[in-house]
Amino acid sequence: MASSPAATSAVLAVVLVATLAAGANAATFTITNQCSFTVWPAATPVGGGAQLEPGRTWAIDVPAGTSSGRVWGRTGCSFDGSGRGGCQTGDCGGALSCTLSGQPPLTIAEFTLGGDKDFYNLSVIDGFNVGVSFSCSSGETLTCRERSCPAAYQFPDDNSKLRSCNGNSNYQVVFCP
Ligand SMILES: *[C@@H]1O[C@H](CO)[C@@H](O)[C@H](O)[C@H]1NC(C)=O
């Protein structure tokens, strides 16, 4: 039986939907606290924030296409039952769940999730508050344990510390690596 135009467009529609669905993946960020103290990780524009006791892990799903994403640690926080309070470092307007950037000094993991490729880096441009390692499942691990660490951007035009990995990769962030 010769394929009719209707059958052909039905097949094309199925292929198109499948392609769009494949492109709409999310990256899982697994954030682990290896410090001996509590860290309150923050994540924008997706994730918000959480309280993370030593040895615990927090996972967030970030949609493909998210640009200028950030994850950082906050220390010395206290929040009330409604999620209002503050932190000694990395505070984002007194909220447990961040929508604003953190107050310096803070060590920042930055990322842009593209289609074929993602880009990520560590930055101490805004100072250093806690050691961080940042890795992508298909790329290099960046580790920063002190203010002068060579793996992080020390200033905006620092020699490129930007790394890339395959699109649809997952990420690991570790505090006190
Ligand atoms: C670090 O990565 C973020 C996200 O891709 C990007 O916006 C930022 O410009 C990068 N930082 C530097 C100094 O290149």
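Gap in Å between the Cα centre of segment 152-171 and the Cα centre of segment 33-61?
Using only Cα atoms to place each centre, the spacing works out to 21 Å.
Over the chain, what portion of Cα pair distances is larger than 29 Å, expressed as a whole percent? Write out the running numbers ahead of the final one.
Working: 4085 of 15576 pairs.
In whole percent, the share of Cα-Cα pairs in the chain beyond 29 Å is 26.
Just to be sure I understand the model, the point goes 7 Å from the Cα along the line to the Cβ. What's the resulting Ser67 to Ile125 distance in nm?
Using points 7 Å along Cα→Cβ, the separation is 1.5 nm.
If you rank Ile125, Ile60 by fewest surrounding Cβ atoms within 10 Å, what's the result? List each step's numbers first, then the result.
Numbers: Ile125 15, Ile60 20.
Placing the least packed residue first, the sequence is Ile125, Ile60.
Rounded to whole Hz and in sequence order, give me ³J(HN,Hα) for segment 113-118 from the Karplus expression 6.51 cos²θ - 1.76 cosθ + 1.60, θ = phi - 60°, writing x for Gly and Pro.
Along segment 113-118, the couplings run 9, x, x, 7, 9, 10 Hz.
Per residue and in cubic angstrom, what volume does the convex hull of the Cα atoms of segment 82-177 have?
Convex hull of Cα atoms, per residue: 112 Å³.
Taking the Cα centre of segment 78-154 as origin and charging only Cβ (+1 Lys, Arg; -1 Asp, Glu), how large is the dipole, in debye to the nearest 20?
Numbers: 4 positive and 8 negative charges, 27 e Å.
With only Lys, Arg, Asp and Glu charged at Cβ, the dipole is about 140 debye.
Which of rounded, prolate or oblate describes segment 25-98 when judged by the alpha-carbon gyration tensor and an a/c cut-off of 1.5? Present the calculation step by step, with values, prior to reporting the outcome.
Details: a/c = 2.16, a/b = 1.40, b/c = 1.54.
Here segment 25-98 falls in the oblate category.
Quick check on the chain: of the DSSP beta bridges with both residues there, what percent are antiparallel, nearest 5%?
Numbers: 42 of 48 bridges.
Restricted to the chain, the bridges split so that about 90 percent are antiparallel.
Taking the Cα centre of the chain as origin, sum charge times position over the Cβ atoms of Lys and Arg (+1) and Asp and Glu (-1), and report the length of that vector in debye to the nearest 20. Mind showing how you got there, number by number?
On the way: 9 positive and 12 negative charges, 27 e Å.
In total the dipole reaches around 120 debye.
Using Cα pairs under 8 angstrom and six or more residues apart, how large is the relative contact order of segment 76-177, in percent?
Numbers: 223 pairs, mean separation 23.4, N = 102.
Relative contact order of segment 76-177: 23 percent.
How would segment 126-177 be classified by its alpha-carbon gyration tensor: rounded, prolate or oblate, with rounded meaning a/c under 1.5 and the a/b versus b/c comparison settling the rest? Before the final figure, lay out each step's value.
Working: a/c = 2.65, a/b = 1.35, b/c = 1.96.
Judged from the Cα gyration tensor, segment 126-177 comes out oblate (a/c at least 1.5, b/c at or above a/b).
Run lengths n ≥ 4 of DSSP H only: what is the helix-derived mean residue ellipticity at 222 nm for the chain, with -39500 (n - 2.57) per run over all residues, to the nearest 500?
Numbers: 1 runs with 19 residues, N = 177.
Counting only the DSSP helices, I get -3500 deg cm²/dmol.
Using 18 Å as the cut-off for backbone N distance, which residues of segment 125-150 belong to the label zone defined by a point 7 Å from the Cα of Asp116 along Cα→Cβ?
The answer is 138-139, whose backbone nitrogens lie closer than 18 Å to the label point.
Going by how many other beta carbons lie within 10 Å of each one, how would you line up Leu142, Leu100, fewest first? Working shown, then result.
Values: Leu142 22, Leu100 12.
With the sparsest Cβ surroundings first, the list reads Leu100, Leu142.
May I ask you to sort Val71, Val124, Val62 by Cβ crowding, counting other Cβ atoms within 10 Å and putting the fewest first?
Working: Val71 27, Val124 24, Val62 20.
Ascending number of Cβ neighbours within 10 Å: Val62, Val124, Val71.
Each reported figure results from applying straightforward, stated rules to the coordinates on display, with no laboratory input. The structure displayed is predicted, hence computed values, not measured ones. Cβ: placed from backbone, ideal geometry, glycine included. Neighbour counts: every protein chain shown.
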